[in-house]
Amino acid sequence: MIDERWEIGSEFDWREEFVTLDGPCHEWPSPRSLFSSGRAALLSLLRQWSDAKARRTLHLPSFFCMEVAATLATVTDLAWYRDVPDQEAPDLDTLRAEPGDLVLAVNLFGRRDGSLWNEWRSRNPEILVIEDHTHDPFSPWAQESAAPYVWTSLRKTLPIPDGALLWSPQGLPLPSPASSPSHGSNDKLIGMLLKGLYLKGACISKEEYRTLQMSGEDSLAKETDSPVSPFTHAILNGLDIPRMRRRREANVREFNRALLELPQDRCAPLFTSWPEGGVPFNALLVCKDEETRDELRRYLIGEKIYTAIHWKQKGEPLHSQDPEALSLSQRILTVPVDQRYSCEDIHRLVEIMGRGLVRSVGQGAMQR
Ligand SMILES: Cc1ncc(COP(=O)(O)O)c(C=O)c1O
């Protein structure tokens, strides 16, 4: 990346440096189904299990992506149990599943391990547990899972235009994707290629590749059963997954460490430890209140640091009604520190954050 185009976050660009020439670095589960998006995979699974006579309820964590939940609500009834990632573990006493229901167990931001769920599952064999490993697809929990179904949207952490994986450690039947691929995958791939060249300094309009990325994302979000693109299918075995995981974990550690040197009154890491062998999704911050979070976010956008909110609940058509989840969703901020960034990038990012925090003290606003 040339310096004048330095930025952090937003959609992935395509980089050959993430491809290994040393053969496959990961043994994928077999059999498996590969879809274009996580939603396409889970909707296909839910349709497979839906029973017109007795509608099944899907239980979701109260801290979850409400846009995805709204899509799932089109094919099944929803209920909520308390799992808020500023707490050590999900509160499974709030999970009121009946025999025949389905439960989504989520490794939120990669900070959970499966022990509580494994125990709960063995006490509730008549309930179908589906694990969501989107935030850390290659954690020991995911790799050693014995759940009925395991699901992960690979495109959220790997630099690929699309892709979600579904398998059944218990050998249950898997849905197959439909035959027609998603147009969204193509747009996203072109967007990735153009962004990669833009960051290197090529005369390419940012607006042009952003438009493709956004239209691609819009189409992917609407997919209900499409297969993974030929590009992702072919490249999965060529990706240097261990290297990317090492980089991401080191960046989160370095970010959390460097943050300790900044004023602590306005924002702090959501968590600083995670299960052995796991890799956190990204650096997660909890701010003092919603205003501070939004101010910090605006300031960072002005510095070309594009943070994200995982996930909003206030004002969404659907929400969990859990006051603790709502409160955290108003204060949380995701800072992307994935495999794209070096240790120097992390230091630069924290230094910029520090400038904003110091300047804003006593001013009530974080201006550039
Ligand atoms: C934890 C989690 N699981 C699943 C999904 C669905 O993935 P996709 O966007 O590929 O449909 C998302 C998307 O935001 C997610 O955050």
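Only the coordinates and a few stated rules stand behind these numbers; no lab work does. Computed from a prediction, not measured in an experiment: that's the story for all the values here. Here Cβ is always computed from backbone atoms with ideal geometry, including for glycine, and neighbour counts include all displayed protein chains.
Please identify the trypsin sites (Lys or Arg not before Pro) of the stretch 84-113 that satisfy two criteria: DSSP loop assignment and at most 12 other Cβ atoms within 10 Å. Which are they? Taking the stretch 84-113 and a limit of 12 other Cβ atoms within 10 Å, the loop trypsin sites (Lys or Arg not before Pro) found are ARG96. Short-range pairs are left out: with C-alpha atoms under 8 Å and at least six residues apart, the relative contact order of the stretch 1-122 is 20 percent. What is the chain by shape, rounded, prolate or oblate, if you read a ≥ b ≥ c off the alpha carbon gyration tensor as root eigenvalues and call it rounded for a/c under 1.5, prolate for a/b larger than b/c, and oblate otherwise? Oblate, because a/c is 1.5 or more while a/b does not exceed b/c.
Simple point charges give the picture: +1 on the Cβ of Lys and Arg, -1 on the Cβ of Asp and Glu, and for the chain a dipole about the Cα centre of about 420 debye.
Residue separation of SER215 and ARG32 scaled by 0.36 nm, minus their Cα-Cα distance, works out to 63.1 nm of gained length.
Can you give the longest run of the chain that contains no GluC sites (Glu not before Pro) sitting in a DSSP loop with at most 12 other Cβ atoms inside 10 Å? Counting at most 12 other Cβ atoms within 10 Å as exposed, the longest clean stretch of the chain is 145-260.
Say R0 is 41 Å: what FRET efficiency, to the nearest 0.05, do HIS183 and ASP265 get from their beta-carbon distance? After rounding to 0.05, the efficiency reads 0.30. Fully extending the segment from GLU208 to LYS304, taken as 0.36 nm per residue of separation minus the present Cα-Cα distance, adds 32.8 nm. Only lysine pairs 8 or more places apart or on separate chains count here, and in the chain those with Cα atoms under 21 Å apart total 16.
The modelled label-to-label distance for the pair GLU88/LYS312, using points 7 Å beyond Cα in the direction of Cβ, is 3.4 nm. The simple spin-label model puts a point 7 Å past each Cα toward its Cβ; for LEU172 and ARG123 those points are separated by 2.0 nm. When the Cα gyration tensor is reduced to axis lengths a ≥ b ≥ c, the ratio a/c is 1.5 or higher for the stretch 241-360, and with a/b not above b/c it is classed as oblate. Kirkwood analysis of the Cα pair distances in the stretch 167-223 returns a hydrodynamic radius of 13.2 Å. Rounded to the nearest 20, the size of the Cβ-charge dipole of the stretch 173-299 about its Cα centre is 520 debye, with Lys and Arg at +1 and Asp and Glu at -1. The DSSP beta bridges internal to the chain are antiparallel in roughly 50% of cases. Where a ≥ b ≥ c are the square roots of the eigenvalues of the C-alpha gyration tensor, would you call the stretch 17-167 rounded, which needs a/c under 1.5, or, failing that, prolate if a/b is larger than b/c, or oblate? Here the stretch 17-167 falls in the prolate category. One chain, two ends: VAL358 and ASP289. Fully extended at 0.36 nm per residue, the span grows by 23.1 nm beyond their Cα-Cα distance.
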